[in-house]
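Nothing in this text is a laboratory measurement; each read-out follows from the coordinates by a stated rule. Remember, predicted model here, so these are calculated numbers, not experimental data. Here the Cβ is made from the backbone with ideal geometry for all residues, glycine too, and neighbour counts use every protein chain on show.
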Amino acid sequence: MDHFDVAIVGGGVVGSATAYYLRKHGFSGSVAIIEKDTTYQFGCTGRSLGGLRQQFSTPENIELSKFGLKLVRGLKTEFGAEADVSFHENGYLIMASESGMPVLEENHRVQMAGGADNIILKGSDLMARFSWVSGEGVAGACFGLSGEGWLDPYSLMTLFRKTAVAQSVKIIPHELTALAADNERISSITLSNGETLTCAHLVNAAGAGAGHVARLANIALPVGPRKRYVYCIDCPQATEALHNAPLTVEPGGVFFRPEGRNFLCGNSPEEDDEPADLNWDVDYAWFEESIWPSLATQVPQFETIKVINAWVGHYDYNALDQNAILGRHPEIRNFYFANGFSGHGLQQGPAAGNAIAELIMHGVYRTIDLTRMGYERVMRNEPLFEKNII
Ligand SMILES: Cc1cc2nc3c(=O)[nH]c(=O)nc-3n(C[C@H](O)[C@H](O)[C@H](O)COP(=O)(O)OP(=O)(O)OC[C@H]3O[C@@H](n4cnc5c(N)ncnc54)[C@H](O)[C@@H]3O)c2cc1C
């Protein structure tokens with residue numbers, strides 16, 4: 001029976017980053033990533049929009065994303081001169097209606113205290129900076145002057161994975177199907193090929209499948225898939241200014257950002273409108289009914305557009321509070337969680353991987369204190385709500 005010092009379930013950005021930071025911090029034990037889909041096509045990471053922002057309401061989320069920003073800015077130092085994740089530092093522009101302004105302004109104060117570089121824009125200041133905005137129903141907006149934008153998710157994940165593999169991290173191309181625990185420890189892992197492994201530490205980095213993996217050890221983790229649609233639209237009359245837009249979120253939550261000569265857009269549905277099925281079929285009626293009208297109201301140039309592509313991604317959704325669950329299980333002491341990022345895990349994957357590596361190696365967080373994000377709040381049913389979910 002093979003034994004690994006660290007086994008990581010899931011080789012997306014979070015699992016790959018965990019392996020990478022273990023090696024970066026000098027962990028010399030054996031490390032394996034168990035990944036059921038080595039094409040990485042169905043995971044959350046490859047289907048993400050790649051947004052990176054400091055516009056959160058939870059201080060820890062700002063810290064987690066700042067870690068990602070620092071990495072992206074220093075990418076060539078970290079991974080070598082050829083490394084590139086196509087970071088577009090165009091900012092986020094999050095708009096609010098009159099009733100949404102108190103929350104936007106309160107979040108802005110939290111963000112400034114956390115070292116973010118953003119401003120509140122109202123009325124003519126907003127229109128002067130972004131001429132393509134209609135401003136209908138908009139009382140104000142928060143704009144990231146620096147440190148926000150988007151990057152290529154697949155490239156970031158691949159940098160972590162390839163660097164880890166070059167440092168003898170093993171990829172095991174099977175599904176984890178069963179867990180055995182005794183004496184408050186995960187004692188063995190069973191794979192879809194029937195093989196059984198043992199490990200000293202097990203990291204759950206299974207994305208939308210994290211709740212299922214936890215249940216294999218009889219642990220309730222409120223993380224599961226939520227279906228989301230991303231639409232790619234062509235807007236032939238878009239001006240240069242619109243092509244240089246930030247990632248923009250209108251007051252109803254519909255968002256868009258430039259993607260080459262096109263634009264990506266979408267929206268997260270209200271709880272009652274969540275798609276019931278979890279297949280990979282795109283709902284084009286949802287675009288016509290719920291996305292396009294709001295887009296065209298806020299950006300009149302989007303009145304004439306064509307959907308040229310669309311895809312489905314499954315959010316790794318934490319139903320308790322839409323925030324990551326990070327850290328060691330309080331009772332099963334060799335089982336670690338890095339789950340439930342609920343739409344902001346691409347930018348937080350590097351910091352989450354680093355944090356789990358610190359816990360495994362030192363037993364404590366050294367870079368960012370993430371104690372509040374631990375599994376304990378799930379046990380106590382005490383949500384730590386993030387207000388800025390996109
Ligand atoms: C449409 C969309 C847009 C998004 N936009 C953004 C954004 O703008 N900014 C942002 O920061 N985040 C965004 N996200 C969220 C972000 O993509 C995720 O939070 C992040 O990628 C999670 O990474 P992960 O490594 O945990 O999960 P994944 O990338 O899903 O990796 C988990 C891996 O675990 C594997 N796995 C699962 N179960 C098992 C098992 N039992 N055995 C073996 N392997 C298993 C899966 O095959 C998968 O490869 C978006 C997500 C979606 C869907």
**Report entry** Sequence-distant lysines (8 or more away, or on other chains) whose Cα lies within less than 18 Å of residue 70
**Finding:** 24
Report task. Rounded to the nearest 10 degrees, what's the angle between the helix 59-73 long axis and the longest principal axis of the chain, both from Cα atoms, 0 to 90? Result -> 90 degrees
Requested in this report: Measure off 7 Å from each Cα along the Cα-to-Cβ vector at residue 364 and residue 387, then give the distance between these two points in nanometres to one decimal.
Outcome: 3.3 nm
Query raised in the report: Between residue 271 and residue 184, what is the label-to-label distance in nm when each label sits 7 Å out along the Cα-to-Cβ direction?
Result: 3.5 nm
Requested in this report: Starting from the Cα gyration tensor of the chain, take the square roots of the eigenvalues, sort them a ≥ b ≥ c, and report rounded, prolate or oblate (rounded when a/c is under 1.5, otherwise prolate if a/b is larger than b/c, else oblate).
Outcome: prolate
Query - Gained length - residue 78 relative to residue 311, 0.36 nm times residue gap less alpha-carbon distance - result: 80.7 nm
Report task. Between the alpha-carbon centers of the stretch 206-259 and the stretch 300-379, tell me the distance in whole angstrom. Result -> 14 Å
Query raised in the report: Pairing the Cα long axis of helix 153-166 with the longest principal axis of the chain, what angle in degrees results, from 0 to 90 and rounded to the nearest 10?
Result: 20 degrees
Query raised in the report: Given R₀ = 51 Å, FRET efficiency for residue 134-residue 278 by Cβ-Cβ distance, to 0.05?
Result: 0.90
Requested in this report: Based on a Kirkwood Rh over C-alpha pairs, give the Stokes-Einstein translational diffusion coefficient of the stretch 224-264 at 10 °C and viscosity 1.306 mPa s in µm²/s.
Outcome: 139 µm²/s
Query - aspartates and glutamates whose Cα lies under 17 Å from that of residue 76, excluding same-chain neighbours fewer than 8 positions away - result: 84, 89, 152
Report task. State the Kirkwood hydrodynamic radius of the stretch 14-56 in Å, one decimal place, computed from all pairs of distinct Cα atoms. Result -> 12.8 Å
Report summary line: Taking Cα atoms, the helix 101-113 axis meets the longest principal axis of the chain at an angle in degrees (rounded to 10) of 50 degrees
Report summary line: With residue 92 itself left out, Lys, Arg at +1 and Asp, Glu at -1 over residues whose Cβ is under 13 Å from its Cβ give -2
Report summary line: One can check that the equivalent ellipsoid of the stretch 238-390, built from the alpha-carbon gyration tensor with semi-axes equal to the square roots of five times its eigenvalues, has lengths in Å, largest first, of 36, 18, 13
Query - the stretch 92-194 pair-distance distribution - Cα-Cα, 10 Å bins, rounded % - result: 12, 24, 18, 13, 21, 11, 1
Report summary line: Here the alpha-carbon Rg of the stretch 125-241 over 2.2 N^0.38 Å rounds to 1.71
Query - Neighbourhood net charge (11 Å Cβ-Cβ; Lys/Arg +1, Asp/Glu -1) for residue 364 - result: 0
Query raised in the report: So for the pair residue 193, residue 220, with labels modelled 7 Å out along Cα→Cβ, what separation do we get in nm?
Result: 3.7 nm
Report task. Please give the net charge around residue 265, taking every other residue with its beta carbon less than 13 angstrom from that of residue 265, where Lys and Arg add +1 and Asp and Glu add -1. Result -> -1
